[in-house]
Amino acid sequence: MLNWKHKDLLGLEELSKEEIELILETADSFKEISLRPIKKVPTLRGKTVVLFFFEPSTRTRTSFELAAKRLSADTVSISATTSSIVKGETLKDTAKNIEAMKVDIIVMRHSSSGAPHLLAKAVEASVINAGDGCHEHPTQALLDMFTIKEKKGRISGLKVSIIGDIAHSRVARSNIWGLTKLGAEVTVCGPPTLIPQGIEKFPVKVTYDVEEAIRDADVLNILRIQLERQKSNLFPSLREYALNFGIDAEKLKFAKPEVLIMHPGPINRGVEISPEVADGPYSVILEQVTNGLAVRMAVLYLVSQGGK
Amino acid sequence: MVFREKAKILDEEGIKRALLRITHEILEKNKVASELGIVGIRTRGAHLAQRIAKLIDEIERVIIPLGILDITLYRDDLTLLSTQPIVHKTEIDFDITGKKIILVDDVLFTGRTVRCALDALIDFGRPKIIQLAVLIDRGHRELPIRADYVGKNVPTSLKENINVKLKEVDGIDEVVIEEKIDAQLET
Amino acid sequence: MSILIKGGYIVDPENKLEGVYDILIDDGEIKKIEKDIDSEKCELIDGKGKYIFPGLVDMHCHLREPGREDEETLLSGSLSGIKGGFTTLCCMPNTKPPIDNQGIVEYIYNENKKIGLMDIFPVGAITKNLEGKELTEIGELKKAGVVAISDDGNCVMDSEVMRRAMEYSKMFDLLVISHCEDKNLSRGGLMNEGYLSSLLGLKGIPRQAEIVMVARDIELAKLTEAKLHIAHVSTKETVELIRQAKKRGIKVTAETCPHYFSLTEERILGYNTNCKVNPPLRTPEDIEAIKEGLRDGTIDVIATDHAPHADFEKDVEFEQASFGMIGLETALGIALKELIKTKIISLSQLVEKMSLNPAKILGLDKGSINIGKPADLIIVDLDKSWEVKREKIVSKSKNTPFLNWTLPGVIEYVFAKGKLVLNKN
C-alpha cells in the first residue's frame, strides 16, 4: 500500500483512488479503538489540534474533537465569534497567530470556498478541510463511503443517488469525486435550480425525476435543504420541495429492497426526509456518525506526519 | 539497505521444534490452560501466536482466545519517520482482564516493540499476568524487558539482521541471519 | 536643447506613416520628421532596430486618488503608466469621494498639474455617488473637464436613468462609457459561471449579465443617438452584438482589456484572487472571439482597467477578495505577446487601439506624432523581453496575475508632453 504524502486534506477531487482507499482502510483499523474500555491511543501525544470553526457546527466539530482526543492530541476550539476576525484581522493574520503558538494540525470550517486552501498555503501546520463554502467536505464524503463499504462490502459498481441541493452542497461535491474515483455510478437529483451549472462535465448522471433517482439506486444520500434557498427563489416553498423531492415511505416503494438511506445531518424531518424513513430499517444515519469518528482519526493520523 | 544472507539459523523443522518446546513450557508454567489468552504482534508474531494456540489445542484440547495486536499507534518513533506507517487492525475480541496473556513476537531486539505492545494491552483491560514468548532473542536491549519463553538465543552484531520467514506470509519457514552489505554507503 | 532620434521605425497610423525616419525634438517640440536629419549639436538617441509609437492612451484606469492613496495615487499611477508606455490616462470616477461633482474634477486637475508628468483626464460619474438613481450635474462636470461619464464599477441598472443620461449628455457631445452588468443576474457572483465555478464552489456570474446589458445599451444608443462606449468586453456574444450594432450604424465603440484576450477562467484554480476581476475571466472561445473583434475592428480600444488593490484586500478568502488587477505596466507587453507575435493584428492596428482610437473617441489631441506638437511618443525594443517581477512593479499595488510572465517589448524611452520622462539607457 502507498504512503500518505500530503501535508493537508483539502478535498477529494485532488486525491487518487489509492489515496482515498488508504484513508478508508486506515479508518477501518481505527474503528476498533472506540469500542475499547479505554478509548484512547497515545499516537498524537504532544500534538496540538486546533478546531477553527467559522460556521456553526455541532457534529463535525465534536467528531473531530473526539477523534483528536482519542489519539491523545490536545485540542483547542476557536469559533468565529471568539476569534479576532470580527475585529478586522484577516484570516491569514489569525492563522499566523495561531501558528506562532506551535500547533500541528488545523481543522477548519469556513463559509467561503477555498478558505482552507488559503490557510494551507499560509501556515506550515497541516490543514484539514471540515467543509468550505459550497466546495468540499472531504471527511463527510469519506465517512459516507466508509459506511457504504461497510454495509455493502464494496463501492465499485454501486449506484448512488444524491438527492437535494446539489448546487450549494459541499457534501455532494466531495461524494461525487470520492465515489466515482472508487468506481461507483453517481446520479444527482433535484430541481434544476439546485443543480450546478456545468454539471454535464461532472462524472454524474442528472435527473429531475426523483422516482428515477430512487429506482435503481443501491444508496440514497439525501441532502439537507437550507431554508435560505427558498428566499432566493430557488424553489417556491419547503412544502412544494417536500412534495416533489422529500423522501418518504411512499417514494421508497420504488427503491431496491436493500437500499441504504444516508443523510449528512442535521435532518429537517418532514422536509427532505420523512421521520419514518430517517428512523426506518434502511437508515444508516447514526452509523454514519459513528464511522465519522474513525474516518477523522485516520485523517488526523495520516496528515500528522504528511508532507514532511 | 541491502542484506546478504549469512547463515540459516532455523529451518522448518527447527521452527516447529522451537514452537513445540515453547508451548510445553507455557503449559507447564501456567497449569490451567483455560486461564490463558494469547496475543500476537503483527505481522509474524500473530502467525506464531496462531500456531502456538493450535499446538495448545492439540496437546490440551483447549481452544484459547487469540488476539492480534498492531502496535503502530503506540510507537515511540512516529515523529522521526518521514511518512506515517500503515495502521492495520487490532483484533482482540475477548476480555483480557484477569487472564494470563501470552504475548508473542518473532524477534526480541531492543524491546521497544514489546513496550508498545504492553501499553496497548493494558488499554484493553487488566490481565492477571503478561508473559512474553519470542522465536528469536537477538540481544541489544534498550529497555528492561526480557522474554519468558525463547525459541533460540542468537548473539548478533548491530550490523546484522534477523529475518524470520513464515509460510503464511513468506511461503517458507526459516530464520536467517543477514549482514548489511552496503554499510559503507549508508550515511 | 535638441534631441535627435535616429533611425527608429515609426508607426503612426493617423499620419499613415510607417518606416524608418529621424525625429528632431527641440525644446520639447517635434521640429522635423525626415530621413537622415543632420545630427550636429544634438543629443542623440539611437533608434536603430527600435519602434517609435505615439504615447499610449489608457481610457480606463482606476487611480484611487482621492480616498485610497495607499493603493495608488495620481503620482504613482503616472509613474506606473510611464513604465508601461502610457502618456495619457483617464481615471474612473469610483474614488472616495467619487468624481461626481466639479470639486473633485478640479482637485484631480490641480494635483496632476503639480506632478506634471502626463495628462490625466478624469471621467465623471453618471449618477450621484454612482448609485444609479440621480444624474450628476453633467454640464458642470463637462465644464470642469471630464472627458466622458461612467458609473464604472457599477451598472446603471435603471434603464430610464440610463436613457436620460445618454440623451442629456448628447448636448455636450460627451461620451457615455457603460459598465455592462445586470447586477441582479450577477449578484454574489465571483467568477464566470460554468463547470469551473461549480467545481470550485464559487458563485458564478453568468455571461448573460454582461450580454443583456450590452444589448440594452445598444438599443438605448439607437434611441438617444448618444455616443456610447462599452467598457471591458469579455464575451463572444458581446463582440457579436457590437459588430451588428456598428453595421446598423449605431454610434457605439468598445474596449477590451489585456486579460480578456490572454487569461481564461482556469487561472482561478487554486483560488487565485489575482485573477478575480469584473467582468470575470471567461473561456478560450471568448478569447478567440475577442481577438477576432480586435482584428476586424469591432473592438476599437485596448484599455487596462488598471485596478490597484492592497495586499490585504487580495490575500484573503476568494469570496472576500476585491475585484480587479493592475495593468498599466503589462498592457503593451501582453498585447505584443498575444496579438502581434501571433500575427492577429498589425503594429499599426495595435497603435490605433492603444493610442489613436481612445484619443479620437474621447476627442483628445493625442495618439499621433506631429510636427509642431510636444513630443509624446515611446521608443520600444521589440526584440528584447522582460520578466514581470513583484519587486519591479512601480504601481503601489502588486495585484497582477502576470507575475513571472516573460513579455516582449522593452520600453526604452518615453516622451510625455515634450519631456523625456523615461530613459532606460
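Computed values, structure above
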quantity	calculated
Answer from C:421, C:410, C:380 - the residue that is in a strand (DSSP E or B), closer than 18 Å to residue C:356 by Cβ and open to solvent by less than 70 Å² (accessible area, probe 1.4 Å)	C:380
Residue within region A:248-263 that is basic (Lys, Arg), free of Cβ contacts under 8 Å to residues at least 40 places away in the same chain and within 30 Å of residue C:185 (Cα to Cα) present	no
Subset of region C:194-230 (residues that are within 14 Å of chain A (Cβ to nearest Cβ) and part of a strand (DSSP E or B))	C:204, C:205
Residue match in region C:231-238 (condition: at positive phi, in a loop (DSSP other than H, G, I, E, B) and either touching an Asp or Glu at 6+ places or on another chain (Cβ under 6 Å) or crowded, with 19+ Cβ neighbours inside 10 Å (or both))	yes
Matching residues, region C:9-31, being open to solvent by less than 20 Å² (accessible area, probe 1.4 Å), closer than 17 Å to residue C:416 by Cβ and part of a strand (DSSP E or B)	C:12, C:23, C:25, C:30
Filter result (open to solvent by 10 Å² or more (accessible area, probe 1.4 Å) and assigned to a helix (DSSP H, G or I)) within region C:316-355	C:337, C:338, C:340, C:347, C:348, C:349, C:352
Residues (more than 14 Å from every other protein chain (Cβ to nearest Cβ), surrounded by fewer than 23 Cβ atoms within 10 Å (Cβ to Cβ) and closer than 22 Å to residue A:56 by Cα) located in region A:98-115	A:98
Test: residue in region C:149-160 that is farther than 29 Å from residue C:276 by Cβ, more than 14 Å from every other protein chain (Cβ to nearest Cβ) and modelled with pLDDT of 95 or more	yes
Among (1) under 20 Å from residue B:22 (Cα atoms); (2) within 11 Å of chain A (Cβ to nearest Cβ) - the single one residue B:129 does not satisfy	(2)
Count of region C:173-199 residues which are of a type in the set (D, E, K, R) and either buried (at least 22 other Cβ atoms within 10 Å of the Cβ) or within 18 Å of residue C:238 (Cβ to Cβ) (or both)	4
Unique match (being in a strand (DSSP E or B), away from chain C (no Cβ under 13 Å) and modelled with pLDDT of 90 or more) among A:67, A:130	A:130
Unique match (being within 14 Å of chain B (Cβ to nearest Cβ), over 30 Å from residue C:315 (Cα atoms), open to solvent by less than 20 Å² (accessible area, probe 1.4 Å) and modelled with pLDDT under 95) among A:33, A:38	A:33
Filtered residues of region C:251-270 (kept if open to solvent by less than 20 Å² (accessible area, probe 1.4 Å) and more than 19 Å from the chain's Cα centre (by Cα))	C:268
Residue B:150 vs. criteria touching a Lys or Arg at 6+ places or on another chain (Cβ under 9 Å), over 16 Å from residue A:36 (Cβ atoms) and in a strand (DSSP E or B)	no
Top-ranked residue of region C:397-425 - restricted to ones that are basic (Lys, Arg) and over 12 Å from residue C:329 (Cα atoms), ranked as nearest to the chain's Cα centre (by Cα)	C:417
Whichever residue in region C:296-308 is more than 13 Å from the chain's Cα centre (by Cα) and open to solvent by less than 20 Å² (accessible area, probe 1.4 Å) and, among such residues, is farthest from residue A:91 (Cα to Cα)	C:298
Test: residue C:152 is on the phi < 0 side of the Ramachandran plot and not in a helix (DSSP H, G or I)	yes
Unmet requirement for residue A:267, which otherwise passes all of (1) out of contact with any Asp or Glu (no Cβ under 6 Å at 6 or more places or on another chain); (2) at pLDDT 95 or above; (3) surrounded by 15 or more Cβ atoms within 10 Å (Cβ to Cβ); (4) closer than 27 Å to residue A:12 by Cα	(2)
The listed residue being closer than 19 Å to residue B:3 by Cβ, of a type in the set (A, V, I, L, M) and assigned to a loop (DSSP other than H, G, I, E, B), out of B:145, B:136, B:172	B:172
Of all residues in region A:286-308 being surrounded by fewer than 19 Cβ atoms within 10 Å (Cβ to Cβ) and in a helix (DSSP H, G or I), the one that is nearest to the other protein chains (Cβ to nearest Cβ)	A:290
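A quick yes/no check of all residues on (1) under 15 Å from the mean Cα position of the chain (by Cα); (2) closer than 28 Å to residue C:207 by Cα; (3) modelled with pLDDT of 95 or more:
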| residue | (1), (2), (3) |
| --- | --- |
| A:166 | yes, yes, yes |
| A:170 | yes, yes, yes |
| A:175 | yes, no, yes |
| A:181 | no, no, yes |
| A:188 | no, yes, yes |
| A:193 | no, yes, yes |
| A:209 | no, no, yes |
| A:212 | no, no, yes |
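The values are calculated or read from the model by the stated rules, or taken from the named source; none is laboratory data. As the structure is a prediction and not an experimental result, all values here were calculated from the model. Heads up, the Cβs are rebuilt from the backbone with ideal geometry, glycines too, and the neighbour counts pull from every protein chain shown. Protein only, heavy atoms only, side chains kept; ligands, DNA and RNA dropped before computing areas. Shrake-Rupley method; radii C 1.70, N 1.55, O 1.52, S 1.80 Å.
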